[in-house]
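Accompanying notes for the structure given below.
Every read-out reported here was derived from the displayed coordinates using simple, explicitly stated rules and does not represent laboratory data. This structure is a prediction, so every number in the text was calculated from the model and none was measured. Don't worry about glycine lacking a Cβ; one is built from the backbone with ideal geometry, like all the others, and counts go over all protein chains shown.
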Amino acid sequence: MDSVEFSFSFWPSRTPSRGSSTALVIAIVALLWGSVPARAQTQGPMPAPASKPARADSIHRSRPFLVMLRSAAVPGWGQVYNHKYLKAGMVVAGEGFLGWSAWKELQRENDAVDHLNAVQQAGFAPGDPEYYAAQLDVETHRNRKINWIWWGLAAHLVNMVDAYVDAHLASFEADFGPPESALDLGEGPRLTLAVRTRF
């Protein structure tokens, strides 16, 4: 049974065709063969290839663990070191709110303890409704205080991890362009049409 397949593409080719690659290799070998002896006679030894210049901001980078320790010591310090000022403000505001909430609940717990002591001095026993309400108020504010402290510790841990990740990712360079092989060959978009038959 006969089958015919057609394929069509309009994308830049990343690999040269066989004919052009053979011609390219022959041309490069011929140029190198003719130019190397002449250069050796006239210019002396070939200079060493220039190294890639270092990025200016990579010189001042620190190890991610040290940046994380900065955030552990002072909330937002690691984000400021990573030049993430908006994150630093959010960290300071968030952890400040959580710390203030825990402190307010501590004050309310102390007030509830004072009220419980006053209820005891008034002669109410543990089975009385007034004593039970005062004791419940103390436990409620103590539990809320503990919850705010746990939320603050979790936020501080997230702050440290965020500073570590930002410092670690700062050393990476992302390049989303075409591969260097396609740029070196100077190829542009190419239209190809292929016909394949099977018998």
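Before moving on, here are some points about what is shown:
- Computed over the Cα atoms of segment 64-169, pair by distinct pair, the Kirkwood hydrodynamic radius stands at 15.7 angstrom.
- Highest average first, the peptides 119-129, 84-94 ordered by how many other beta carbon atoms sit within 10 Å of their residues are 84-94, 119-129.
- With contacts taken as Cα pairs under 8 Å at a separation of at least 6 residues, segment 64-169 carries a relative contact order of 43 percent.
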